[in-house]
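**Student:** Take a look at the following structure, please.
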Amino acid sequence: MIQGKWILPGSPEFDTADNIMNTVFTEEINSYNDYLHKELDSMANHVIVLDTDTKNIAGYGRVTYDLENFVIDNFCVLKEYRGNFYGDFVVRMLVDKAIQCSADAIYCSVPSHLEGFLKSIGFKVLSDTKNKPQNLYIYDNYTMMCLYPADFTSRCHCH
């Protein structure tokens, strides 16, 4: 079983989630550490996914709002928990939170191997960067994607 839980920076769970991010982003995929944008933590909603059998935190994600855009970033799942829909659960919780906060659109910049995963939830590739909000940064070898609430495939693929 899995359980989602909203957490705050400074909580014990947040420290564990921070370790998960460092494991996935810096050790596993060698992503530049600035990608983590720690300065945005205080303005974000953070979620963890717990494996209720082991009581371990298996995944993490956050959604930020900069008074113009909702952005999902830093979502990750530890390697040993992948393939069990934990990532799907994390992203759906973040999308749901953004929609509850009246998001007109939700953005996400992801490596190309995650495009299909996000498309299954309803995200679309922003192929024309002129359509991209000016204050959002696209990392090298990353794709900017957008989800409009009307396109949200709300049913989880794990059921």
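**Student:** Using the Cα centre of the chain as the reference point, and only Cβ charges (+1 on K/R, -1 on D/E), how large is the resulting charge dipole? Debye, rounded to the nearest 20. Mind showing how you got there, number by number?
**Tutor:** Working: 13 positive and 21 negative charges, 95 e Å.
Using only the charged Cβ atoms, the result is roughly 460 debye.
**Student:** So what is the 222 nm mean residue ellipticity for the chain from helices alone, if each DSSP H run of at least 4 adds -39500 (n - 2.57) and you divide by all residues, rounding to the nearest 500 deg cm²/dmol? All intermediate terms of the calculation are to be shown ahead of the outcome.
**Tutor:** Working: 3 runs with 30 residues, N = 159.
Helix-only estimate at 222 nm: -5500 deg cm²/dmol.
**Student:** Please state the Cα pair-distance histogram of segment 1-128 with 5 angstrom bins from zero: what percent is in each bin?
**Tutor:** 2, 10, 21, 25, 22, 14, 4, 1, 0
**Student:** Could you please report the charge total around Ala44, scoring K, R as +1 and D, E as -1 over all other residues with beta-carbon less than 12 angstrom from its beta-carbon? The partial results should precede the final answer.
**Tutor:** Numbers: positive: Lys38, Arg62, Lys97; negative: Glu39, Asp41, Asp66, Asp73.
Residues near Ala44 contribute -1 overall.
**Student:** With a sphere of radius 10 Å drawn around the Cβ of Met1, what net charge do the other residues whose Cβ falls strictly inside it have (Lys, Arg +1; Asp, Glu -1)?
**Tutor:** On the way: positive: none; negative: Asp51, Asp53.
Charge balance in the 10 Å sphere: -2.
**Student:** Each residue of segment 60-72 in turn: what ³J(HN,Hα) in whole Hz from Karplus with 6.51, -1.76, 1.60 and θ = phi - 60°, glycine and Pro shown as x?
**Tutor:** 8, x, 8, 10, 10, 9, 9, 6, 10, 9, 9, 10, 9
Readers should treat all values here as calculations from the given coordinates under stated rules, not as data from a laboratory. Worth saying up front: this structure is predicted, and the values here are computed from it rather than measured. Cβ atoms come from the backbone with ideal geometry, glycine included; neighbour counts cover every protein chain shown.
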